[in-house]
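Peer 1: Sharing a structure here in structure tokens format.
The values are calculated or read from the model by the stated rules, or taken from the named source; none is laboratory data. Fair warning: this is a prediction, and the values are worked out from it, not measured in the lab. Counting neighbours? That spans all protein chains shown, and the Cβs are built from the backbone with ideal geometry, glycine included. Side chains included, ligands, DNA and RNA excluded: accessible areas come from the protein's heavy atoms. Shrake-Rupley method; radii C 1.70, N 1.55, O 1.52, S 1.80 Å.
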Amino acid sequence: MIIYLHLVLIAAIQGITEFLPVSSSGHLVLLPNLTSLPDQGQTLDVAAHAGTMIAVMVYLRRDIAEMLSGLFSPAGTRADRAIGARYLVGILILASLPVIILGLFFEFLDPSFLRLTMTVAIA
């Protein structure tokens, strides 16, 4: 029963904080420090984020399909939309690169660094 309550608490924290201008990852890391619950670990944190991503992708499925169709449409067809889709996908990739590079850098140095309370507080 405690395990299910812990999972519900993790899901609630993820659901509430993901779309607010606060760190949902940080709140998940702080959960064991603020309660007597054990650390849920990085795997469960990633699962919570994956669930959020899937929910957002389902909600935005039409927009994602339009972006992908514009990205792969031949030149000359729906030119304005295709250019907009290509631009948006390019910007999304470009915006993701710094986070990917820094995440891999810190993962290489010390995998537990990103789960430290001090790291979360500074970030």
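Peer 1: Output the qualifying pairs, or none if there are none: Cβ atoms under 7 angstrom, residues six or more apart or on different chains, first residue in the stretch 41-58 and within 11 Å of Ser24 (Cα to Cα), second residue of a type in the set (Lys, Arg) and surrounded by fewer than 13 Cβ atoms within 10 Å (Cβ to Cβ).
Peer 2: That search, which allows pairs on different chains as well, returns nothing.
Peer 1: From (1) touching a residue at least 12 places away in the same chain (Cβ under 8 Å); (2) under 18 Å from the mean Cα position of the chain (by Cα), pick out the condition that doesn't hold for Ala85.
Peer 2: With (1) touching a residue at least 12 places away in the same chain (Cβ under 8 Å); (2) under 18 Å from the mean Cα position of the chain (by Cα) applied to Ala85, the lone miss is (2).
Peer 1: Just to be sure before I move on: is Ser73 out of contact with any Asp or Glu (no Cβ under 6 Å at 6 or more places or on another chain), modelled with pLDDT under 80, within 29 Å of His6 (Cβ to Cβ) and open to solvent by less than 70 Å² (accessible area, probe 1.4 Å) in the structure I sent?
Peer 2: no
Peer 1: Just to check your reading of the model, which residue among Ala121, Ala82 is at pLDDT below 80, part of a helix (DSSP H, G or I) and in contact with a Ser or Thr (Cβ under 6 Å, 6 or more places away or on another chain)?
Peer 2: Ala82
Peer 1: Right, another one. Quick test for you: out of Val56, Val46, pick the one residue that is of a type in the set (A, V, I, L, M), under 30 Å from Arg115 (Cα atoms), open to solvent by 80 Å² or more (accessible area, probe 1.4 Å) and at pLDDT 85 or above.
Peer 2: Val46
Peer 1: Can you say whether Gly51 is within 13 Å of the chain's Cα centre (by Cα) and open to solvent by less than 70 Å² (accessible area, probe 1.4 Å), as far as the supplied structure shows?
Peer 2: Answer is yes for this residue.
Peer 1: Moving to a separate point now. If we keep just the residues of the stretch 1-38 that are touching a residue at least 60 places away in the same chain (Cβ under 8 Å) and open to solvent by less than 60 Å² (accessible area, probe 1.4 Å), which is farthest from Ala50 (Cα to Cα)?
Peer 2: This residue is Leu30.
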